[in-house]
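S.K.: Starting off with a structure, shown below.
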Amino acid sequence: MSDRERSWLAPPEGVRRHAPATLRNRAAIATMLGELLPASGAVLEVASGSGEHCAYFAEHFPRLEWHPSDPDPDALASIASWCAGLANVRPPVALDAAAARWPVAHADAILCINMVHISPWAATLGLMAGAGRLLPPGGPLILYGPFREAGVLTAPSNEDFDQSLRARDPAWGLRLLDEVIAAAGAQGLVFDRRVAMPANNLIVAFRRS
């Protein structure tokens, strides 16, 4: 590892963020990742947020190389703090899912946790387009978070959450799963599975055709 690469390993102490939900959901997500991720290769995490998930998964899947990303400079600093010293985590990169070009050329898998509902729809469309460009045939795109489903009653807690999101930004909110699947299909991503998770969340997985 070069001196330039080592420089990201020691960010200032005060930059580390904490997302309480991470402690509650990371083990359940990791169990599913064990079924969905390849045995080796590069995993791009889009919208890594605090970096806690990436640090946890990197320790649990040491044969995978983790590439965290986020568009927020403060999040990038937090990611660097949480992942400091982990040999299989690359320096975090600034990546806006909605952008037409990403600063990453290839990924064997892409993971995106709790972004689809806390971003404009353009970010989801960009995520699907990026996955279509980067993933090899059979490579997975794995989403985690709450969704709306046609014909399925939305949990009251998710309804309240949706209203709070839209109050913060009208472009945010829980997405209809059928629309997410259609957006993925338009980019050559085939729906693989839907898995119910704790606290009324889902894992939704696709494979590059």
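S.K.: So, counting K/R as plus one and D/E as minus one, what does the shell of residues with Cβ under 12 Å around Ala155 add up to? If you can, show how the numbers build up before the last one.
M.R.: Numbers: positive: Arg148; negative: Glu149, Glu159, Asp160, Asp162.
So the surrounding residues net to -3.
S.K.: Next up: About the Cα centre of the stretch 1-149, how large is the charge dipole given +1 on each Lys and Arg Cβ and -1 on each Asp and Glu Cβ? Please answer in debye to the nearest 20. List each step's numbers first, then the result.
M.R.: Details: 11 positive and 14 negative charges, 16 e Å.
Taking the Cα centre of the stretch 1-149 as origin, the dipole is about 80 debye.
S.K.: List every residue whose amide H lies under 5 Å from the amide H of Ala42, counting only residues 5 or more places away in sequence or on a different chain, with H placed 1.01 Å from N in the peptide plane.
M.R.: The answer is Glu65, Asp108, Ala109.
S.K.: Moving to a separate point now. Trypsin sites (Lys or Arg not before Pro) within the stretch 73-178: which are DSSP loop residues with at most 10 other Cβ atoms inside 10 Å? Spell out each step's value before the answer.
M.R.: Numbers: sites: Arg101, Arg133, Arg148, Arg166, Arg168, Arg175; in loops: Arg101, Arg175.
Counting only loop positions with at most 10 other Cβ atoms within 10 Å, the trypsin sites (Lys or Arg not before Pro) in the stretch 73-178 are Arg101.
S.K.: Over the stretch 16-158, what is the mean sequence separation of C-alpha contacts under 8 Å (at least six apart), divided by residue count, expressed as relative contact order in percent?
M.R.: Values: 242 pairs, mean separation 31.9, N = 143.
Across the stretch 16-158, relative contact order equals 22 percent.
S.K.: Follow-up question, since we're still on this one. So what are the three principal axis dimensions of the chain from its Cα atoms, in whole Å, longest to shortest?
M.R.: Largest to smallest, the principal-axis extents are 54, 38, 32 Å.
S.K.: Count the DSSP beta bridges whose two residues both fall in the chain, then state the antiparallel fraction as a percent rounded to the nearest 5. Walk me through the intermediate numbers first.
M.R.: Details: 15 of 32 bridges.
That works out to approximately 45 percent antiparallel.
S.K.: Ok, one more. For the pair Ala100 and Ala186, what calculated FRET efficiency results from E = 1/(1 + (r/R0)^6), where r is the Cβ-Cβ distance and R0 = 22 Å, to the nearest 0.05? All intermediate terms of the calculation are to be shown ahead of the outcome.
M.R.: Numbers: r = 15 Å, r/R0 = 0.70.
In this case the efficiency is close to 0.90.
A short reminder: the numbers here are calculations on the coordinates, not readings from a lab. Bear in mind that the values here come from a model prediction, so they are computed numbers and not experimental data. We place every Cβ from the backbone using ideal geometry, glycine too, and count neighbours over all the protein chains shown.
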